[in-house]
1. So if I check each of Ser126, Ser136, which one is at pLDDT 85 or above, at negative phi, of a type in the set (S, T, N, Q) and under 10 Å from the mean Cα position of the chain (by Cα)?
2. Which pairs have Cβ atoms under 6 Å, sit 6 or more apart or on different chains, and link a residue in segment 83-100 that is over 10 Å from Ser126 (Cβ atoms) to one that is charged (D, E, K, R) and assigned to a helix (DSSP H, G or I)?
3. Looking at Thr89, Thr106 in this structure, which one is of a type in the set (S, T, N, Q) and under 23 Å from Asn152 (Cβ atoms)?
4. Could you tell me how many of the residues in segment 41-54 are of a type in the set (A, V, I, L, M, F, W, C), touching a residue at least 24 places away in the same chain (Cβ under 8 Å) and buried (at least 18 other Cβ atoms within 10 Å of the Cβ)?
5. Would you confirm, using the coordinates I've provided, whether Ala170 is at pLDDT below 90, in a helix (DSSP H, G or I) and buried (at least 18 other Cβ atoms within 10 Å of the Cβ)?
6. Is it the case, given these coordinates, that Lys79 is more than 18 Å from Ala51 (Cα to Cα), surrounded by fewer than 20 Cβ atoms within 10 Å (Cβ to Cβ) and touching a helix residue (DSSP H, G or I) at 6+ places or on another chain (Cβ under 8 Å)?
7. Could you pull out every one of the helices (runs of 4 or more DSSP H) wholly within segment 1-116 that has 1 or more residues that are under 17 Å from Val164 (Cα atoms) and more than 17 Å from the chain's Cα centre (by Cα)?
Amino acid sequence: MTFIDILAQIVGFFAIAMNILSVQFNTHFKIMFFKSLGSFLFCVQYLMLGAFTGLVMDFVGVIRNFVFAHNVKKGRSNKWWIVLFCIITAGAGITTIILTWNKTLTVLSRWTSNPSGLMALAIFISVISVTAKLISTIGYGFKSPHAIRMINLPTFAMWISYNVIVCSIAGIVSDSMSIGSIIVAEIRYRKKPETENEISNNSPNNSTECLSNDDATTRIIDAN
């Protein structure tokens, strides 16, 4: 392991702290702020590791998070921003895959020298990183902290697979702990009575159409 590899893991562990901390908050702005810090630090780590698709996806995610947080703070809908960032994410992901294909194959050559195996690994990490970011774009567009946590839960499992292949130890630890942190947060906030502020935040008048459906589903589940 080179000095750059070691430094990359150190940066990643700082990102871990931000990501785990983010899901412990129960306000949209704080979740997005700390998640953005974590994503930015992972951008730096992926750059050091040569994982360019992950780098671009997280960079788009940082911009997306601040836009979503600003809209929610101002009481605006994220519905059309979700569509826009899904298009940007898909476009940026495909462009990055094409432009950095040879570099990706070089990075993955640590796993196998078989051309078919290299091709399969490169396609897998490219598709899974873009897909995970598309799902999280939908998830972070919701105003409800509960919806944000639950929709993003499967994306952490997807990023674990990506980080295993690109050898991001910090990424593996971060996403594993984030899954545990989401479970802890859900237990914590389900035990607490909903405050007047949370009720106001989750009201249909302040939400997108998809958020209203999510809240209704959540209340049905809670009632049972």
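The values are calculated or read from the model by the stated rules, or taken from the named source; none is laboratory data. This structure is a prediction, so every number in the text was calculated from the model and none was measured. Glycine also receives a Cβ, built like all others from the backbone with ideal geometry; neighbour counts cover every protein chain displayed.
1. Working: Ser126 fails: under 10 Å from the mean Cα position of the chain (by Cα).
So the residue among Ser126, Ser136 that is at pLDDT 85 or above, at negative phi, of a type in the set (S, T, N, Q) and under 10 Å from the mean Cα position of the chain (by Cα) is Ser136.
2. These pairs meet every condition: Phe85/Arg64; Thr89/Lys133.
3. Details: Thr106 fails: under 23 Å from Asn152 (Cβ atoms).
After ruling out the rest, the residue left standing is Thr89.
4. Going residue by residue through segment 41-54, those that are of a type in the set (A, V, I, L, M, F, W, C) are 41-44, 47-49, 51-52.
Those still in the list that are touching a residue at least 24 places away in the same chain (Cβ under 8 Å) too: 41-42, 44, 48-49, 51-52.
This time we only want the ones that are buried (at least 18 other Cβ atoms within 10 Å of the Cβ), so: 41-42, 48-49, 51-52.
Residues that pass the stated criteria total 6.
5. Here the answer is yes, as Ala170 does meet what is asked.
6. Numbers: more than 18 Å from Ala51 (Cα to Cα): yes; surrounded by fewer than 20 Cβ atoms within 10 Å (Cβ to Cβ): yes; touching a helix residue (DSSP H, G or I) at 6+ places or on another chain (Cβ under 8 Å): yes.
So Lys79 passes the test.
7. Details: elements: 3-22, 28-49, 52-73, 79-99, 101-108.
Filter on segment 1-116 gives 3-22, 28-49, 101-108.
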